[in-house]
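The values are calculated or read from the model by the stated rules, or taken from the named source; none is laboratory data. Being a predicted model, the structure only gives us computed values, none of them experimental. Heads up: the accessible areas ignore ligands, DNA and RNA and are worked out on the full protein's heavy atoms, side chains in. Shrake-Rupley method; radii C 1.70, N 1.55, O 1.52, S 1.80 Å.
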Amino acid sequence: MRNSIWLLPILFYAASPITPAESKDCAEKDGLVLTLKVDGVRSSKGQIRAELLGKQAGEAKAKTVTYGVKDAQTGSVLIEFPGLAPGDYAVQLYHDENANGKVDMNMVGIPLEGFGFSNTPMVTGGIPEFDKMKVSLSADSTTTAVLAYAP
């Protein structure tokens, strides 16, 4: 069964106090860097909060590797995830415009703040599968996510 957009608050635990430097799963500091370019940021209010997911060969489910938080800027924002080992990664993110550390939803569970996923220029029908969001990292790389906002 396909995940629905109503699962966003469960999946976006980006309000966690964990920072990239504290993550246990990151490789040594001289590892690879994944840069996320976030396009479509509608205002400079609040923060862009991103969760980096990783999946090892043979694993059925992706796991949280680390989080990234950057002050919002209208237009585009760059978030770097340094110290990564080669492998498959994906990013899910949201624009926490009121800086309360959570995805705000309306009464029927639709996000009131912008959200997006790596390698997914258009969000339709809920959260994309990991394989559609993934970036295979073997050298420093950049991926893009475009934020979608409810009308």
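Things to note:
- As a fraction of the 1.4 Å probe accessible area of region 57-151, surface on carbon and sulfur atoms comes out at 56 percent.
- Global geometry of region 45-110, whether rounded, prolate or oblate, following the gyration tensor of its Cα atoms and the 1.5 cut on a/c: oblate
- Amide hydrogen neighbours beyond the local backbone of Thr66, cut-off 5 Å, H modeled: Leu52
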